1. Looking at the stretch 70-106, which of its residues are part of a loop (DSSP other than H, G, I, E, B) and within 16 Å of the ligand (Cβ to nearest atom)?
2. Go through (1) more than 16 Å from the ligand (Cβ to nearest atom); (2) modelled with pLDDT of 85 or more; (3) of a type outside the set (D, E, K, R) for residue 111 and report which single condition fails.
3. Return the residues of the stretch 1-16 that are under 18 Å from residue 86 (Cβ atoms) and part of a strand (DSSP E or B); say none if nothing qualifies.
4. Among the strands (runs of 3 or more DSSP E) contained in the stretch 241-296, which hold 1 or more residues that are on the phi > 0 side of the Ramachandran plot?
5. Mind checking which strands (runs of 3 or more DSSP E) fall wholly inside the stretch 350-451 and carry at least 3 residues that are not polar (S, T, N, Q)?
6. Answer yes if at least one residue in the stretch 247-265 is touching a Leu at 6+ places or on another chain (Cβ under 8 Å) and over 30 Å from residue 377 (Cβ atoms), and no otherwise.
7. Among the residues of the stretch 43-54, is there at least one that is assigned to a helix (DSSP H, G or I), away from the ligand (no atom under 13 Å from the Cβ) and out of contact with any strand residue (DSSP E or B) (no Cβ under 8 Å at 6 or more places or on another chain)?
8. Report, ordered by the first and then the second residue, all pairs with beta carbons closer than 6 Å, sequence separation of six or more or different chains, a first member in the stretch 51-63 that is in contact (Cβ under 8 Å) with a residue 12 or more places away in the chain, and a second member that is near the ligand (Cβ under 9 Å from one of its atoms) and part of a strand (DSSP E or B).
Amino acid sequence: MELVERDHPGTVRRHLSTEEAAAVRRFCGDGQQVRPEDVGLVEAVLEEMHDGRHVRLWLECDCVRAPGGRPRLTARVREDGPRHFVRMHQYGEHHCALASFRQTPEPENVGPDGDCAWPGQHNPLRPVADALDYLNDLHEGSARPGGPTGSGGGLGERGRRLPRLGRILHTLLEDAGFARLHVDALNDRSRSWERLEAYAADQALSPQLSLSQILYFKPWTPLNEKMTEVDALAWPKRKARSALLLFVADELRAGTAIKKTSVGEYVVRPEKGIRAGGRDQRLTQPPYWVLSVIDRDRDGNARVREAFAQHAYSFARPVPMDSRYERVTLKLLFDVMAWVKRHGVEVTLWKPLFDREVRQTDAPSQWCRPDFELTFRSVAATGVPARLHRVVIETMGADDPDYLERKSRTQEIMKRRGILIEHWVAVDAAQKERDDAFFRRVAAKILHLAGVPQTRPV
Ligand SMILES: [Zn+2]
């Protein structure tokens, strides 16, 4: 195996040692047994490939000899998660142990799904590891609509199982950068599908199939036209032919998703209805992210099979959310970000769509999923490296008692991720007062942690 320069793939940086290559194959080959020493070797290779901000090197596998036809792996960092390998399907399939790929070995001693006896120690909710898994296996789709989450699905800290389509939507939104917003992007008016198009163009499901050939963003494209295109594509074996439609809907009404344009309304009507993510199933405050699966029914007719919807903050800033209560919190957080920026503090807002790890030195990691996280650095003091701070925000809406109970148990874990601040949201006359207090508290906490001399927020 060789490390090649990403920008000049013809240039070999170095050959992996026999031990390193074997470690990568054991670590990422599904069904392989990992040795304790493999983990350190794999982490070191990943660090060479990805410097934390950018991919510098690709790993080229020597299991295929054909020049130009050698399979490659790249490295990715998601949010604050660990670096990991990603298969690059466009460069061909492996003939080695990596033909069955896994991103990371399953951790040992992980309780069965749903075992929440110890808060935070459940099987964590993770992104879809491989773009090929965006497609259903043959015969799976019609038999198990919206089916199980598959490996890495987990129950999630919220205690609600996320359907497979929801996991795909969350993975797309996270990887394309919609779950993260730097203060400078608050006034960015670039169109969301342009960002998604650029992202999809870089993702491949096979040497012949790019994500941009199956993921599309215009609900007015006739279903027949889309499926005729799909029929003509070289398709991965054992996968059902389908397309994914992703857009921000103006309204959800009676099992349909509606996109309004200057020339009329386009109605997306999934045969098996629309499922919704988050704890708030009252879908009365648009807009919504909607991801639909387009395929052919038994008679060969093109149809929208199923869809999954998620609250979005607004068309201009479609940050995904779990409830309409979070919209109230998010508006205030945007105001805080703009306000502290005037004092020199640049905040990045994160909407965690998957569980976040809290590492412990003497015990297994715990997992939690805060509603929002704000990160920022101390303002530069001479000679002192600017420290990274994290404030964790929880929206406390008028939720069911079970939910609040679960939440109080995971708050202890969240407090280990950062300073925890709660925002209570209810529809009553006192909300304005609560909002003002929340704004002052968050702003003051950020300025304090960043080392800005205190000014009273107005
Ligand atoms: Zn290989």
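1. Restricting attention to the stretch 70-106, the residues satisfying the condition of being part of a loop (DSSP other than H, G, I, E, B) are 70-71, 78-82, 92-96, 100, 102-106.
Those that are part of a loop (DSSP other than H, G, I, E, B) and within 16 Å of the ligand (Cβ to nearest atom): 70, 71, 92, 93, 94, 95, 96, 100, 102, 103.
2. Among (1) more than 16 Å from the ligand (Cβ to nearest atom); (2) modelled with pLDDT of 85 or more; (3) of a type outside the set (D, E, K, R), residue 111 violates only (2).
3. Applying the first criterion (under 18 Å from residue 86 (Cβ atoms)) to the stretch 1-16 yields 1-7, 9, 16.
2, 3, 4, 5, listed by residue number.
4. Here the list reads 264-268.
5. Details: elements: 356-358, 366-368, 372-377, 388-396, 419-424.
By residue number, 356-358, 372-377, 388-396, 419-424.
6. Filtering the stretch 247-265 down to residues touching a Leu at 6+ places or on another chain (Cβ under 8 Å) leaves 252, 258.
Adding the requirement that they be over 30 Å from residue 377 (Cβ atoms) leaves 252, 258.
Taking every residue of the stretch 247-265 in turn, at least one turns out to be touching a Leu at 6+ places or on another chain (Cβ under 8 Å) and over 30 Å from residue 377 (Cβ atoms).
7. The first filter runs over the stretch 43-54 and keeps only residues assigned to a helix (DSSP H, G or I), leaving 43-49.
Cutting the leftovers down to away from the ligand (no atom under 13 Å from the Cβ) gives us 43-49.
Adding the requirement that they be out of contact with any strand residue (DSSP E or B) (no Cβ under 8 Å at 6 or more places or on another chain) leaves 44.
Yes.
8. Cβ pairs passing all conditions: 59/73.
The values are calculated or read from the model by the stated rules, or taken from the named source; none is laboratory data. Because the structure is a prediction, the values reported are computed rather than measured. Backbone-built Cβ (ideal geometry, glycine too); neighbour counts: all protein chains shown.
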